[in-house]
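In what follows, a structure is listed as structure tokens, so that the remarks can point back to it.
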Amino acid sequence: MDDIMKKYVIGIDIGGTNLRMGMVTQDGELSHFIKKSSSVLSTGQAVDALEEQISAYIDQFDARNQVNAIAIGIPSIVSKDKKVLYSTPNLDGFNNINIPDPLSERLGVPVFIDRDVNFLLLNDIRQCKLDESKTILGFYVGTGLGNAICIEGKFLSGKNGVAGELGHIPMYGLTQKCTCGNIGCSEVLCSGRHLEELVKTNFPGTEISNVFTLHGDDEIITRFVTDLAIPIATEINILDPDYIVIGGGVISMCDFPKEKLIQAIYQCARKPYPAENLQIVFSKHTPQSGVLGSADYAYSKLAIQ
Ligand SMILES: [Zn+2]
């Protein structure tokens, strides 16, 4: 960078629940990390709300002249040119709207956006030191089922930008309605949302955070875990990946039975390959992962501008 005073990018991770921000140096060093409720953005005016939050953050740390770029990860369907958010179920005002162009104009620095799961996988690839030139699949079981596909260093985006909606592949025999409006998507079963319902119905009085510790061997919970393997193995059988990264809030819960999930994936994977030499890596997910992944993305975009 020609201006040595500008030493940070701002990484922003917007989830259904939390908004996280941090300043990250080119070496990946994170500082000024903050977390607040993402409801501050749900005003119906996405660009105004983001501008207000980011400006306040920059002023709080007196960093007006030190920021090179801003990258924002959002749990949305994002257009192929990474300009328009098509649909963000959990945030009011984040549907069919261009975010980076008006925000960049108002803040005076480049602004980049993409799906949050792409930034999570990017961060996991770096943290786990995976070879980016390979085929790498990321599966993130949180509130829903997130999926990112990285092939030879490029994130697959498809014709419209919506590739990797593994949570919305139709499964045989399911009749429940999904949050997307369709019937019988994999996410109806493979999601934290479903786990929460299972706990409420079958283990009243158990905190969801303890469910694997207290009921990990129960048939219902075992079924939940083995069902996760069905969409995961489906994509593995299609793309024959070099690495599989698994993470997300549900997988990070205490005593989640990782071995049981690995076994179920193996059972559903085609023999002899890709089943025989699957390389499964569990994400080293932290509350800062999304912010670091966003910042990584911003640096990679700045490098090619
Ligand atoms: Zn769906």
Scan of the stretch 129-146 for residues that are assigned to a loop (DSSP other than H, G, I, E, B) and open to solvent by less than 30 Å² (accessible area, probe 1.4 Å), ordered by number: 130, 142, 144
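Would a scan of the stretch 204-214 turn up a residue that is crowded, with 19+ Cβ neighbours inside 10 Å, away from the ligand (no atom under 11 Å from the Cβ), in contact (Cβ under 8 Å) with a residue 24 or more places away in the chain and under 20 Å from the mean Cα position of the chain (by Cα)? Even if it seems obvious, please write down each step before you answer.
Step one: list which residues in the stretch 204-214 are crowded, with 19+ Cβ neighbours inside 10 Å, which gives 211-212.
Next cut, away from the ligand (no atom under 11 Å from the Cβ) only: 211-212.
Still in the running and in contact (Cβ under 8 Å) with a residue 24 or more places away in the chain: 211-212.
Remaining after also requiring under 20 Å from the mean Cα position of the chain (by Cα): none.
No - not one qualifying residue is present in the stretch 204-214.
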In the stretch 145-181, what residues are of a type in the set (Gly, Ala, Ser) and either more than 10 Å from the ligand (Cβ to nearest atom) or farther than 19 Å from residue 74 by Cα (or both)? 146, 148, 153, 157, 158, 161, 163, 164, 173, 181
Filter the stretch 182-200 down to the residues that are open to solvent by 40 Å² or more (accessible area, probe 1.4 Å) and more than 13 Å from residue 143 (Cα to Cα), then identify the one that is farthest from the ligand (Cβ to nearest atom). 200
Considering only residues of the stretch 35-81 that are among the polar types (S, T, N, Q) and in a strand (DSSP E or B), which is least open to solvent (accessible area, probe 1.4 Å)? 68
For the stretch 85-128, which residues satisfy the criterion of being part of a helix (DSSP H, G or I) and open to solvent by 30 Å² or more (accessible area, probe 1.4 Å)? 101, 102, 104, 105, 106, 116, 126, 127
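What residue, of 302, 292, is at pLDDT 95 or above, open to solvent by less than 40 Å² (accessible area, probe 1.4 Å) and assigned to a helix (DSSP H, G or I)? Spell out the reasoning first.
Values: 302 fails: at pLDDT 95 or above.
Among 302, 292, only 292 is at pLDDT 95 or above, open to solvent by less than 40 Å² (accessible area, probe 1.4 Å) and assigned to a helix (DSSP H, G or I).
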If I filter the stretch 19-34 for residues that are surrounded by 14 or more Cβ atoms within 10 Å (Cβ to Cβ) and among the basic types (Lys, Arg), do I get at least one hit? yes
Quick check on my filter: what residues within the stretch 147-180 are open to solvent by less than 70 Å² (accessible area, probe 1.4 Å), over 18 Å from the mean Cα position of the chain (by Cα) and more than 18 Å from residue 236 (Cα to Cα)? 174, 178
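The values are calculated or read from the model by the stated rules, or taken from the named source; none is laboratory data. The shown structure was predicted, so the numbers you read here are calculated from the model rather than taken from an experiment. Reconstructed Cβ throughout: ideal geometry from the backbone, glycine too, with neighbour counts over all protein chains shown. Remember, those area values only see protein heavy atoms, side chains included, never the ligands or the DNA or RNA. Shrake-Rupley method; radii C 1.70, N 1.55, O 1.52, S 1.80 Å.
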